[in-house]
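Everything on this sheet refers to the single structure shown next.
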Amino acid sequence: MHHCVVFRTTCLLLVTAVSLACAAKAEEPKRISELYPNLATGVLTSAKVGELGEGVLLRCQNIVISEGDLARAAEEAPKNLRQDLKANAFFVLEQQATDKILENLARQSLSDQNVDMTSIPKQQVIQRFIESLVTEVTVADSDIETFYKENESTFCGTPLDKVRDRIKSYVLEDKRQSFADDYIRQLGRKLEIVVSAKWAQEQATRAQDNPLDKARSSGKPTLAVFSAASCCGPDRMLPVIKTVRSAFGEALGVVYIEPREEQILAARYGVRSIPTQILFDKAGKEVYRHSGFLGEAPILAQLKKIGLQETSKG
């Protein structure tokens, strides 16, 4: 009888311990990428949501960003961008968090090298740190030739040899930026970053109020084309878009965006040159990206890879 009581007590303790462990696991703070897959693109992708103090939007180690910080950033921006910045406040928060985290790392790195930082402006400190990370990024001749071939119309018939150095500089900068972007996303996974849960939910709703995010949330694949007319004439992507729309009909969402008119949206999506084409699957996940002119055939091939079939040959 005594042994039965001990056994039952032990079982009860085990069940209680398992229940507490499951409850603790269930209460683990959710991450931005899990709750709002399309909201963050950089350091806040892996940030957790939680309850923060009044007016506090983000905490990370000794970094605190408040609603007042975002309001000041919007007011200091050019007038034509203020409204867009307010509508994309999460994007502004992510940029501020990135700057502050990189500045901390940069100053620590320079301090370890016994560099006097008292007279070095913040942006220079960050720039020096980023440059130290991308020193081994290089550009091959094949990169230059590929870029020229894909964007030949942009150069209005100018031979490759006359624009080789310009292309090399651009491609190198683009590759360095991509490397830095990957580094920043990795930082976000390593650091304990908490964003206000209530505010993040509000911003996730506000960030959807544009044609591209609405299309990504439609439940069908989306092709986004960031482009515009050039000094050489009309936008060559427009006839391509017309053909693609005709081929897939209502099965595909197609969104055309001019970055000069939608600067914040283009920045949110990491568009650094035009034309840029981005393909999203029916869940809104990016599955393909290309910079430079892209004709009908490669676009159709990418769409078929995600299971779309042409509805017409128009």
Net charge (Lys, Arg +1; Asp, Glu -1) of residues whose beta-carbon lies under 15 Å from that of Gly284, Gly284 excluded, is +3
Surpassing 27 Å at the alpha-carbon level, of the pairs Lys48/Lys304; Lys48/Lys214; Lys168/Lys242; Lys242/Lys282; Lys175/Lys198; Lys86/Lys168, are Lys48/Lys304; Lys168/Lys242; Lys175/Lys198; Lys86/Lys168
Amide H contacts under 5 Å for Ser66, restricted to residues at least 5 apart in sequence or on another chain and with H modeled in the peptide plane, are Leu57
Residue by residue through region 286-297, the couplings from Karplus 6.51 cos²θ - 1.76 cosθ + 1.60 with θ = phi - 60°, in Hz, x for Gly and Pro, are 5, 10, 7, 9, 8, 10, x, 4, 9, x, 4, 4
Taking a straight Cα-to-Cα line shorter than 18 Å from Lys122, and setting aside same-chain aspartates and glutamates fewer than 8 residues away, one finds Asp69, Glu76, Glu94, Asp99, Glu103, Asp112, Glu131
Candidate cut points under GluC sites (Glu not before Pro) in region 89-151, DSSP loop plus at most 11 other Cβ atoms within 10 Å of their own Cβ, are Glu136
Calculated from DSSP helices alone, with each H run of at least 4 adding -39500 (n - 2.57) and the total divided by the residues of the chain, [θ]222 nm to the nearest 500 comes to -17000 deg cm²/dmol
Of the residues Leu212, Ala301, Val255, the Cα lying farthest along the dipole of region 210-305 towards its positive end, which is defined by charges on the beta carbon of Lys, Arg, Asp and Glu, belongs to Ala301
DSSP beta bridges in region 210-305: the antiparallel percent, rounded to 5, is 70 percent
Stokes-Einstein D for the chain (37 °C, 0.692 mPa s, Kirkwood Rh from Cα pairs), in µm²/s, comes to 144 µm²/s
In this structure, the FRET efficiency calculated for Arg245 and Ser217 from their beta-carbon separation, with R0 = 22 Å, to the nearest 0.05, is 0.70
Here, Asp141 and Lys285, labelled 7 Å along Cα→Cβ, have an inter-label distance in nm of 4.0 nm
Karplus-derived 3J(HN,Hα) from phi for region 90-96 (6.51 cos²θ - 1.76 cosθ + 1.60, θ = phi - 60°), whole Hz, x at Gly and Pro, runs 5, 4, 5, 4, 5, 5, 5
The extension gain from Ala228 to Gln186, computed as 0.36 nm times the residue separation minus the Cα-Cα distance, is 11.8 nm
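Pull out the extension gain between Glu75 and Lys30, defined as 0.36 nm times the separation in residues minus the alpha carbon to alpha carbon distance; nm, one decimal. Don't skip to the answer; put the middle values down first.
On the way: separation 45, 0.36 × 45 = 16.20 nm, distance 3.17 nm.
So the extension gain works out to 13.0 nm.
Give me D for region 210-305 in µm² s⁻¹, whole number, from Stokes-Einstein with Rh from the Kirkwood sum over alpha-carbon pairs, 25 °C and 0.890 mPa s.
183 µm²/s
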In the chain the DSSP beta bridges are antiparallel at a rate, in percent to nearest 5, of 70 percent
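Readers should treat all values here as calculations from the given coordinates under stated rules, not as data from a laboratory. Here the structure is a predicted model, which is why all the values come from computation and not from measurement. Cβ atoms come from the backbone with ideal geometry, glycine included; neighbour counts cover every protein chain shown.
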